[in-house]
1. Counting only pairs 8 or more residues apart or on different chains, how many lysine pairs in the chain have their Cα atoms under 16 Å apart?
2. Using +1 on the beta carbon of Lys and Arg, -1 on that of Asp and Glu, and nothing else charged, what's the dipole of the range 33-105 about the Cα centre, debye to 20?
3. At what distance in nm do the modelled label points of Val1 and Lys84 sit from each other, each positioned 7 Å from its Cα along Cα→Cβ?
4. Relative to the present Cα-Cα distance, how much length would full extension add between Arg55 and Asp70 at 0.36 nm per residue of separation?
5. On a 0 to 90 degree scale, rounded to 10, what angle separates helix 3-15 from the longest Cα axis of the chain?
6. What ³J(HN,Hα) values, in whole Hz, does the Karplus curve 6.51 cos²θ - 1.76 cosθ + 1.60 give for the range 71-82 when θ = phi - 60°, with x put for Gly and Pro?
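Here, each number is a calculation from the coordinates, and none is a lab measurement. Note that the structure is a prediction, hence the values are computed from the model and not measured. Every residue, glycine as well, gets a Cβ built from its backbone with ideal geometry; the counts of neighbours run over all protein chains shown.
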Amino acid sequence: VSDPLLDDVAKVLSDHPEILKLEVQGHTDSRGSKPANMALSNARAKAVMDALSKRGIDAKRLVSKGYGPDKPLDTANNEAAWQKNRRVQFVVLEKAPSKTSVQTK
């Protein structure tokens, strides 16, 4: 189900070599134990990172990190909120300096 989206993310990274480091973040909902959610979110992020590597993205450009339930998008205690919070996010950590720079006097 996620393959087309992962293909799109890999294409963006291929098309933008100036993105030097991308954090693949795994998140869970608030149900379950903290240790189980941390393990799940780490595994979720690593699986996505591995999928991007298999699509030709240099693993040196990627880092995975699980946040468990610590960064919810929705704090409500219902199925809609839980579904929103079970996700993977991508955060650019490092970009190459722009080749076009503006000089000021």
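1. The result is 13.
2. The dipole of the range 33-105 has a size of about 320 debye.
3. About 1.9 nm, to one decimal.
4. 2.5 nm
5. 30 degrees
6. In residue order, the calculated couplings are 10, x, 7, 9, 8, 5, 10, 8, 4, 4, 5, 4 Hz.
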